[in-house]
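Data block below; observations after.
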Amino acid sequence: MDKLLVKRKLDLCLQDAVAAAQEKGELISVALPEIVIEHPQDAAHGDFACGLPLKLARPMKLSPLDIAQRISKCISLPAEIDRLSVAAPGFINFTVRDGWLWEQVETILSGGEAYGNLSLGKGVRVQVEFVSANPTGPLHVGHGRGAVLGSALANVLAAAGYEVEKEYYLNDTGSQIDNFGQSLYARYQQCRGREARMPEGGYLGDYMVALAKDISREYGDKFLTMPEEEALADIGRIGLEKMLGNIKEDLELLGIEFDVWFSEKTLYQKGQYDEVMAMLRNKGCVVEKENATWLETSALGEDKDNVLVRSDGSPTYFASDIAYHYDKFYGRKFHHVIDIWGADHQGHISRMKTVAGALGIDPDQLKVITYQLVTLRRGREIVRLSKRSGDIVTLRELLEEVGRDACRFTFLSRSADSQMDFDVELAKKKSADNPVYYVQYAHARIASILRLAEQRNIDYSQGEVSLLSSEPELTLIRRLVLLPETVESAAIALQPHYLTYYAQDLATVFHSFYKQCRVVSGDRALTRARLKLVRATQVVLAKTLHLMGMNTPEEM
């Protein structure tokens, strides 16, 4: 039984205890607020703490300490709890049995990679859509943050028992795609020695010149000898294929895989766009004015109406996005949809939720996470431009310099809504100052201990975990059993950065245990018990690293 269930049991015990105290006349009847079970910062206060009496003090007109004492007299403790105590100003603290902790070591070892998995999601279908950058340029560092956030969140949700599908929405139609093709065609002509002017608002990055040179080498003068319209279409298609190939390579280097690459074109080819427009018209949400088609979002609670179809007949980005989400909920029947967008899309969230409601979708079924910008640094110096192209720092450049694991851990190290400083030099440092190195070194150290045990033919499978009675040993077990709770918290809050906090805390506690407790010693029985604990730590740390999409090094 994992600690997560103990937490739930305590919640129920407290509810029953309050009801019992009220029935006895010890406490008056009032509405019960949410019961929050937390972990005390000071280990001397136990494993769990509840401040419910503080919330009940005003409505019950009693001191929190008095309420805590009255509740505690009526509590029937679950078997996992050894004792409770009441502490000022009004906390009820609980301490688990050592025996329960020892049982958890065996539970972790028998569970293996599945330890920490939950049934919270009950198989509910969830789509996580992330990155979805226009295929008109290379991925930059900001895209990398969104990619890692989406990937880790999908891992967490899957571990929590949801059926998860990861998707990249490919914007492969519209004005930006036309502009990309025209820009690339102009650069191609210049590569072949022909004068050509870049289109107004064209893509001017150096990567376009490199792409044009690539096509020029591969196809020669082929596109100079055909009608311009045909050449534009062909060169635009080839350019997009090459750009998409580069994007996929970058994501693969980052350890990102998608279940679906969804083409925006198909919304028009398969009729979802027409269906959703007809539905909105039938609901009376669409009006024609100013030579354009508008969605009356102001009538639905928004500040203003939004254009769906421009005066030239072309759909807006908003119209495509409505059709896309209509397909997610009605076509593919996802119960929850999670979109991960850059902070520049913040203003798009409200109107998307509003139109979801107009389509009969519960807006709460659509969750949107926005992530803030990333500032690259080398120590105190801000890195503003790429050394290669001079315009943006690409994700590929960062990956080549610091590696996948450093990218993933650092991108996950803060909540999505926090600005991020990414110190390139720190990410490469092989010392305890670098949290990536510090966490992975804990795993490598564990692997080294287990190799030593193997070399000495020590069979610890029958080790007596009840011998693990010292403070460093029990503290380590207490950290190990927090993994299921961390998975649940991250899944409910949609905050995968909880994993990095947990990983660092676990690594710190393990390193402390290692310094204080000699694992392989002359005491055979204690050696076997401690090897079991070390192996359990490896299981939990490896699971945490895998949820973050990171490697588990055997040596460093």
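None of the figures in this text is laboratory data; all of them are computed from the coordinates on show. Quick caveat, the model's predicted, so the values are computed rather than measured. Positions of Cβ are generated from backbone atoms using ideal geometry, with glycine treated the same way; all protein chains shown enter the neighbour counts.
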*How many times 2.2 N^0.38 Å is the alpha carbon radius of gyration of the stretch 337-416?*
1.48
*Can you give the angle from 0 to 90° between the axis of helix 206-219 and the longest principal axis of the chain, with both taken from C-alpha atoms, to the nearest 10?*
60
_Lys, Arg +1 and Asp, Glu -1 on Cβ, resulting dipole of the chain about Cα centre, debye, nearest 20_ = 1360
*Among Ala212, Gln182, Gly245, whose Cα lies farthest out toward the positive end of the dipole of the stretch 175-253, if unit charges sit on the beta carbon of Lys, Arg (+1) and Asp, Glu (-1)?*
Ala212
*For the chain: relative contact order, % (alpha-carbon pairs under 8 angstrom, 6 or more apart)*: 15
*Specify the inter-centroid distance of the stretch 94-161 and the stretch 405-435, based on alpha-carbon positions, in whole Å.*
19
*Where both residues lie in the chain, what percent of DSSP beta bridges are antiparallel, nearest 5?*
50
_Isotropic mean projected area of the C-alpha convex hull, the stretch 175-253 (nm²)_ = 5.3
_Which log10 I(q)/I(0) values does the stretch 449-551 give at q = 0.15, 0.16, 0.25 Å⁻¹ under the Debye formula, counting every alpha carbon as one identical point scatterer?_
-0.64, -0.71, -1.32
*Just check the stretch 390-507 against the gyration tensor rule for me: Cα atoms, a ≥ b ≥ c as the square roots of the eigenvalues, rounded for a/c under 1.5, and otherwise prolate or oblate depending on whether a/b exceeds b/c.*
oblate
*Compute the separation of the alpha-carbon centres of the stretch 297-336 and the stretch 342-365 and state it in Å as a whole number.*
9
*Give me the distance between the Cα centres of the stretch 51-88 and the stretch 496-556, rounded to whole Å.*
36
*Charges only on Cβ, +1 for Lys and Arg, -1 for Asp and Glu: so what's the dipole of the stretch 3-96 about the Cα centre, in debye to the nearest 20?*
180
*asked:* Using only the alpha-carbon atoms, how far is helix 175-191 inclined from the longest principal axis of the chain? Give it as 0 to 90 degrees, nearest 10.
replied: 60
_Output the 0 to 90 degree angle, nearest 10, between the alpha-carbon long axis of helix 483-493 and the longest principal axis computed from the alpha carbons of the chain._
40
*Convert 25 °C to kelvin, take the viscosity as 0.890 mPa s, use the Kirkwood radius over C-alpha pairs of the stretch 3-96 as Rh, and evaluate the Stokes-Einstein diffusion coefficient in µm²/s, rounded to a whole number.*
188
*asked:* Sort 479-489, 233-243, 33-43 by the packing proxy (mean of other Cβ within 10 Å over each peptide's residues), most packed first.
replied: 479-489, 233-243, 33-43
*asked:* Take the residue pairs Lys122/Lys532; Lys265/Lys304; Lys166/Lys428; Lys248/Lys428; Lys55/Lys367; Lys304/Lys353 and return only those whose Cα atoms are more than 21 Å apart.
replied: Lys122/Lys532; Lys265/Lys304; Lys166/Lys428; Lys248/Lys428; Lys55/Lys367
*From the square roots a ≥ b ≥ c of the eigenvalues of the alpha-carbon gyration tensor of the chain, which class results: rounded (a/c under 1.5), prolate (a/b over b/c), or oblate?*
oblate
*Once the Cβ-Cβ distance between Arg451 and Asp362 is put in as r, and R0 is 60 Å, what FRET efficiency do you end up with, to the nearest 0.05?*
0.70
